[in-house]
Amino acid sequence: MKKLFSLLTLCVLIFSCRHQIANPYGDTTKICFEEQVLPIFQSSCAQSGCHDESSHQGGYVLDSYDNIIKQGIVSGDANKSEIVKSLTGFLAGKMPQSPVPALSAVQIQFIATWINQGAINTTGCETGCNPEVYTYSGAIEPLVKTYCLGCHYSATSENKNVDLSSYEAIKTQVDNDNFRASVNHDDGLIPMPQNADKLSDCKLSQIDKWIKAGALHN
């Protein structure tokens, strides 16, 4: 009986630790909701048929701070937050559902750390965007993953057949000028990111410089 109790205790501890999400940034590096969390929800969750205002699957609308904070988030404790459990696969029906790509470990850490820091509506933050960093790997790819990939994971009728899932696919949109024009909100194209704020001047500068430098896979 004692051995059985010890075994059960060990299993509980292992199971609990497996789903604990640590704060990899420490308590001093603040996560900015507006710049680092909201775009993830808007791109990967707040889509038609999922968690936008009209669809509200499971009662969740994830398109703004006021809606995101309504349910599924325990301020100060990411490990007790239903949204984090869904993102990590702890609950049945891991989110986002296929074919939308799963969030990266870094994106989940952003959300979890933001919750652990109090789930505050932090805006106008200085998040360290450097306009002089404009390589594909250092600026463009992370930007596309955060702001675009939730919709443009492949070419579909819903996203006007615009695929941004790889360097080659992005380069196609660069070569026809749709990528630059849409993020700059030029006339004649749907402004991107859709249903979200325009990208910051710093991010637009990174895109512009990358394109002018040849849009290299660097």
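A short reminder: the numbers here are calculations on the coordinates, not readings from a lab. What you are looking at is a predicted structure, and each value in this text was computed from that prediction instead of being measured. Cβ coordinates were reconstructed from backbone atoms using ideal geometry, including for glycine residues, and neighbour counts include every protein chain displayed.
What list do you get for Glu158, Glu35 if you sort them by fewest beta carbons within 10 Å?
With the fewest neighbours first, Glu158, Glu35 line up as Glu158, Glu35.
Would you mind checking the pairs Lys80/Lys145; Lys30/Lys171; Lys94/Lys160 and listing those with alpha carbons more than 30 angstrom apart?
Listed pairs above 30 Å: Lys30/Lys171.
Can you put Thr172, Thr113 in order, fewest other beta carbons within 10 Å first?
Fewest to most other Cβ atoms nearby, the residues stand as Thr172, Thr113.
Using the Karplus curve 6.51 cos²θ - 1.76 cosθ + 1.60 with θ = phi - 60°, what ³J(HN,Hα) values do you get for each residue of the stretch 110-115, in whole Hz, with x for Gly and Pro?
Taking θ as phi minus 60°, the curve returns 4, 5, 5, 5, 4, 5 Hz for the stretch 110-115.
What nm distance separates the two modelled labels at Ala102 and Val133, each placed 7 Å from Cα along Cα→Cβ?
Distance between label points: 2.6 nm.
Give the order of Asp77, Asp63, Asp187 when sorted by the count of other beta carbons within 10 angstrom, beginning with the fewest.
Going from sparsest to densest Cβ surroundings: Asp187, Asp77, Asp63.
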